[in-house]
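Worksheet for the structure shown next.
The values are calculated or read from the model by the stated rules, or taken from the named source; none is laboratory data. This structure is a prediction, so every number in the text was calculated from the model and none was measured. Note that we place each Cβ from the backbone using ideal geometry, even for glycine, and neighbour counts take in every protein chain shown.
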Amino acid sequence: MTRKFTGDQILVATHNAGKLQEMTELFAPFGVTVKGAAEMNLGEPEETENTFIGNARIKARAAVAATGLPALADDSGIEVEALDNAPGVYTADWSETPNGRDFVMAMTKTHRLLEEANAPHPRRARFCATLVLVWPDGHEEIFEGRVNGTLVWPIRGDVGHGYDPMFQPDGHEQTFGEMSADAKNAISHRADAFAKLISACFD
C-alpha cells in the first residue's frame, strides 16, 4: 500500500543547487518546505551499490538517520545499449578528473568506445532516474523514470548538464543540450519519476 506524505517538511538529499531548486518548485503546491543536504550540514555518503535504487536508498537512509526528517534521494545516469548499459550507475564516475567533473571527456570516451565496438546506428540509449522516499520509521517508496533516445556525434547544445548534448530523445529533433529547461523537464527521466512520486504520495 502506497503511503501518502502528510508532513510539512522534506529533506532532499542532494548538494546540487539546481536539483534542489527544481524539487523546491515541485513541492511548493503541496505546502511542503524543502530542506537541502548542505543546509543541514550533511556529508555525502559513499555510494557502494551497483543499482540506481541501491545508491538512492543509501543517500535517503543516511539523511533520515542524520536528521530525523523524511528524506528523498535520487540516483540517475545514462545506459548505452551497445556498451552493455554502461556507464549506468557509474555515469558521474566516467566524468571524474582531479579538477572536478568533465562530461565532455566522458561523452568523448563513450563515443570512442562505440566506435571501437563498431556499434551500429542508431546508437540507442536511455536516461534513468530513481527516486527513493524514506520516512523516519523506515518505510520507503521507490519510483523509477526513464526516457529513451539515440546518441549523436558531434555533441550539440550547451544547455543542461551531463550527457545532455549527446542525447536526442525519441520523437524530438533537438538534443537535451539544445532544449530549454522547460521543454526538457516536461519529458525527462526525472520528470517521469517525479510524476509517479507526486501521483502516489501527494495527489
query: Does region 11-25 contain at least one residue that is farther than 26 Å from Ala186 by Cβ and polar (S, T, N, Q)?
result: no
message: Can you tell me how many residues within region 144-186 are within 27 Å of Ile53 (Cβ to Cβ), among the aliphatic types (A, V, I, L, M) and modelled with pLDDT of 95 or more?
response: 3
query: Looking at (1) more than 24 Å from Ala63 (Cα to Cα); (2) at pLDDT 95 or above; (3) not hydrophobic (A, V, I, L, M, F, W, C), which is the only condition Gly88 fails?
result: (1)
- request: Kindly provide the set of residues from region 97-137 that are over 22 Å from Arg156 (Cβ atoms) and free of Cβ contacts under 8 Å to residues at least 24 places away in the same chain, ordered by number.
  value: Thr97, Pro98, Asn99, Gly100, Glu116, Asn118, Asp137
- request: Please enumerate the residues belonging to region 82-96 that are surrounded by 14 or more Cβ atoms within 10 Å (Cβ to Cβ) and not in a helix (DSSP H, G or I).
  value: Asn85, Ala86, Pro87, Thr91, Ala92
message: Going residue by residue through region 17-32, is there one that turns out to be of a type in the set (Ser, Thr, Tyr), under 29 Å from Arg126 (Cβ atoms) and under 14 Å from the mean Cα position of the chain (by Cα)?
response: no
Criterion violated by Glu79 - all others in (1) farther than 22 Å from Gly18 by Cα; (2) in a helix (DSSP H, G or I); (3) among the charged types (D, E, K, R) satisfied: (2)
message: For region 28-53, give me the residue count where each residue is surrounded by 11 or more Cβ atoms within 10 Å (Cβ to Cβ) and without any contact (Cβ under 8 Å) to a residue 24 or more places away in the chain.
response: 4
- request: Considering only residues that are modelled with pLDDT of 95 or more and among the aliphatic types (A, V, I, L, M), look in region 188-197 and name the one that is nearest to Phe103 (Cα to Cα).
  value: Ala193
